[in-house]
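A.B. asks: Following this message is one structure expressed as structure tokens.
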Amino acid sequence: MMFTDGIEEKIGFTRIAQLVADRCRGALAKSFALKMKPGPSFELMESWLLQTKEFKEILEESGGPVLLVSDELGQIFDKLSLKNNFLEYEELIAIRDLIHTAGAAYAFFGKNQEQYPNLQLCLEDASIDETLVSRIDKLFTPNGEWKYNASKKLGELHEREDDRSRNLKRHLNSVYKKCSESGWTAETDITIRDGRFVIPIIAEHKRKVDGVVQDVSGNGKIFYIEPLGSLEMANELTEIRSAIRQEKTRLLRALCNDLRPHLSEFKLAANRLALLEFIKAKARLAIDLDANLPEIHRSGGMVLKEARHPLLYLSHKQKGIDVVPLNIELNEDNKLLLISGPNAGGKSVALKTVALLQYCLQSGLLIPCHPESSIGFYSNIFVDIGDDQSIDNDLSSYSSHLKNMKFMLANANADTLCCIDEIGVGTDPQFGQALAASILKELNRKGIFGVVTTHYGQLKALADKESSMINGRMNFDAKKFEPLFTLAIGKPGSSFAFELAERTGFSKDIMKEARKRIDIRQEKVDRLLSDLENEKSAIELDRENLQRENREMERMKSEYHKLKDELDQRKRSIIENAQSKALKILQDANADVENTIREIREEGAAKMSTRKIRAGLERKKSKLDRDLTKQNKVQKEQPAQEEHVFQVGDQVRIKGSESTGEIIELRKNKALVVAGILKSTVKLTDLQPVKAQARKPKNDKTINVRNYILEKEKDFKIEKDMRGMRMQEALETLDDWIDTAIMLGFTQLRLIHGKGDGILKNAIRDHLRNKSYVKGVQYEHVDLGGEGVSLIELQP
């Protein structure tokens, strides 16, 4: 593998490595981070990436095992390797912690081997005999202190030490009490000088105490005397403590002799734990970057979706600013992308993002992009970014660029990614762009993948002509004079040099003089590019408005159907209720008739009684007529309304909607209604007049909209010939043509694209395959063009 000298500093990878090191715990893991490099093979890169991905999942779920070990292990291992040498108890505790940590990690990844297979491989053959822990624990407590009876002899020595120490203290306290009561002692208590217990005696009484002077105060007023009676006991205690140290040394040497054969296991375990800690740090950075593992493949090329520069993302994240994502594609048809556009528009950031993400990925780091992105593997990554001029080496800026170009031309092949910022700068532009064009043609001939930035018009023309090369531009809002930091592939971009100068405040005279001094053809090309930028911005705005209005129409349609369902339900409920009440009224009426007949019979059909009963029945009949009339009215769907006669120009509203429009044509029981730039055919029964705006005089905007639609209808053809168009131009033309067809209500289109190599045909069919507004696409009859013509059916 080959890389440009200093590539890590140029693309910002050294800062990425430091970010990983900052997230490591332990010196060895940090050293792994700072030495991070791309792997020599695709298989190794894939393994590294899967390990990082798995540890990211662990951190997001449980956190995983503790991996921290002592930074002193390297020195401890060196000390242990020397024959007959022994470790101090602090160093043995570090060994014990290493065994515990390695065992816990081994158990965790062994238990979760199916879930984290690539991480489990890191501990393969790295197990340690955990019975060694019991050997260490035999000597030390869990707190790292010596056990009182680590051996039988040591226990006996400690008992003797305790006994002699108690006797010595009793004797010293007795002597001190006597001296104190006699007034011979200073204000201080029994103390220690040179490891000996002594009593502080005032100088004038020093000869009254039998003993050895061990020390004298600075002013000579206090003598520190060890009584003769305690001297022999102190010497015996010293001998016992010396024997204890010897026994401990013997035990440590024996323990280290048992540990020494396992030294290679200790080193391997420490190395693997540090490696896991390094992977864990990469996973921590991935979480902070919201990074993912894209699809990876052995061949070159890339499809980056929603990619972000890692350093820029972290910087903006701290400030609460969103990063504009980058979308870029390099494939077999378009291997070399030439990006143009204004200064400070994002060209260099886009180029560095590509170089840095590729380098990070091949170093085993997940990258901030959409997981559906895909990236290949490159054996060589070459960059020419920044200024490598050197006074010491007598190297100018242009010379440094030439040196980098020479290196690329000598070593580049089809397995190479080249990223060149502002190619050909640093010398006379006329000669610089000529040489740059020659270099790009040769690199393209070698089949490299790459991203190049430039302002040179000659290079833009070259990218438009050469196969495997394609133009791209950083979008710019020409009205607001603001960069949009988004990349559009397919067309070159304008530098907006004069426009930006005028915006900055240069006088008209200077700008007029400047325009005289440039090639009129170049100025026309740049102006054309500027106009294209403006037109594209306007089209994008119109497209957004159209999409917004379509969403509003769908919302209104949904509300209409919902309201209609609710009204139908209420209608059924009202009718059922009315029928129920009518039935009850009839039942009550039948009961009244039956009662009347019974009363007439009981009264014997007397005239007066019959007359009274008949009068009562007439009253109930009148009430029954009123109730039935009322129920009949309730059962009607709506109160009778005066039918409105619609006319062309009426302002109307679709029932169940808040949007209004204007009738521009009447067709039997339907009307053609226009709302904004949308028009639709609606049944008259689904319309209601807008009284507040009815019969308003037509304003200019309404007339313009109507004229716009009529003009579109006049020029529109349902057949389009796209033979000879470039792919990007054809797709953009296709979208505009279909948009107009939908607006005008056409559903059957005929597209002539030709057969040729099938590139344009396949691109068009792929482009239309997932469009919701396309109902189907099929080839024309063989006698009428066959596969050279596509019949497109749009959704009605």
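A.B. asks: Taking a ≥ b ≥ c as the square roots of the Cα gyration tensor eigenvalues, with a/c under 1.5 meaning rounded and otherwise prolate when a/b beats b/c, else oblate, which class fits region 15-105?
C.D. replies: In terms of gyration-tensor shape, prolate.
A.B. asks: Which shape class, rounded, prolate or oblate, goes with region 346-492 when its Cα gyration tensor gives a ≥ b ≥ c as root eigenvalues, a/c under 1.5 marks rounded, and past that a/b bigger than b/c marks prolate?
C.D. replies: rounded
A.B. asks: If R0 is 30 Å, what FRET efficiency do you get for Q795 and M725 from their C-beta distance, rounded to 0.05?
C.D. replies: Result of the calculation: an efficiency of 0.75.
A.B. asks: Along Cα→Cβ, 7 Å out, is where each label goes; now give me the distance between the ones at I202 and Q688 in nm to one decimal.
C.D. replies: With each label placed 7 Å out from Cα toward Cβ, I get 11.7 nm.
A.B. asks: D384's amide H: which non-local residues (gap 5+, or another chain) put their own amide H closer than 5 Å, with H modeled 1.01 Å from N in plane and none for Pro or chain starts?
C.D. replies: C419, I420, D421
A.B. asks: Please compute the Kirkwood hydrodynamic radius over region 66-138, one decimal place, Å, based on all pairs of different Cα atoms.
C.D. replies: Computed over Cα pairs of region 66-138, the Kirkwood hydrodynamic radius comes out at 13.6 Å.
A.B. asks: If you don't mind, another one. Provide, for region 294-419, the number of lysine pairs with alpha carbons under 27 Å apart, each pair being eight or more places apart or on different chains.
C.D. replies: For region 294-419, the number of qualifying lysine pairs is 17.
A.B. asks: Beyond 25 Å between alpha-carbons counts as too far, so tell me which of K564/K670; K491/K761; K177/K221; K10/K267 fall in that bin.
C.D. replies: From K564/K670; K491/K761; K177/K221; K10/K267, over 25 Å: K10/K267.
A.B. asks: By average Cβ neighbour count within 10 Å, what is the ranking of 132-139, 333-340, 775-782, 222-229 from highest down?
C.D. replies: Descending packing order for the listed peptides: 333-340, 222-229, 132-139, 775-782.
A.B. asks: Under 5 Å between amide hydrogens, which residues at least 5 positions from N112 or on another chain qualify, with H placed 1.01 Å from N in the peptide plane?
C.D. replies: Amide H to amide H, under 5 Å and 5 or more residues apart or across chains, N112 pairs with nothing.
A.B. asks: Which FRET efficiency value, to the nearest 0.05, is calculated for Y89 and S134 with the Förster distance at 22 angstrom and r the Cβ-Cβ distance?
C.D. replies: Given R0 = 22 Å and the Cβ-Cβ separation, E is 0.85.
A.B. asks: So, R0 is 35 Å and r is the distance between the beta-carbons of R667 and T486; what FRET efficiency does that work out to, to 0.05?
C.D. replies: After rounding to 0.05, the efficiency reads 0.20.
A.B. asks: Run through region 261-317 and list the trypsin sites (Lys or Arg not before Pro) located in a DSSP loop whose Cβ has at most 14 other Cβ atoms within 10 Å.
C.D. replies: R298
A.B. asks: Right, something else. Which whole-angstrom value gives the distance between the alpha carbon centres of region 130-202 and region 746-793?
C.D. replies: When both Cα centres are located, 99 Å separates them.
A.B. asks: Sequence-distant or interchain residues sharing an amide H contact under 5 Å with F485, placed H: which?
C.D. replies: N475
A.B. asks: A further question follows. Provide the per residue accessible area, probe 1.4 Å, for region 151-217, rounded to a whole number of square angstrom.
C.D. replies: Per residue, region 151-217 has 64 Å² of solvent-accessible surface.
A.B. asks: Just subtract the alpha-carbon distance of E549 and T504 from 0.36 nm times their residue separation and send over the number in nm, one decimal.
C.D. replies: Contour length minus Cα-Cα distance gives 12.4 nm.
A.B. asks: What number comes out for accessible area per residue over region 260-317 if the probe is 1.4 Å? Units Å², please.
C.D. replies: 37 Å²
A.B. asks: Here is a follow-up. Multiply the residue separation of R170 and I321 by 0.36 nm, subtract the distance between their alpha-carbon atoms, and state the gained length in nm to one decimal.
C.D. replies: Gain on stretching R170 to I321: 46.8 nm.
The values are calculated or read from the model by the stated rules, or taken from the named source; none is laboratory data. Worth saying up front: this structure is predicted, and the values here are computed from it rather than measured. All Cβ positions, glycine included, derive from the backbone under ideal geometry; neighbour counts span all protein chains shown. Ligands, DNA and RNA are stripped out before the accessible areas are found, and what is left, the full protein with its side chains, is counted by its heavy atoms. Shrake-Rupley method; radii C 1.70, N 1.55, O 1.52, S 1.80 Å.
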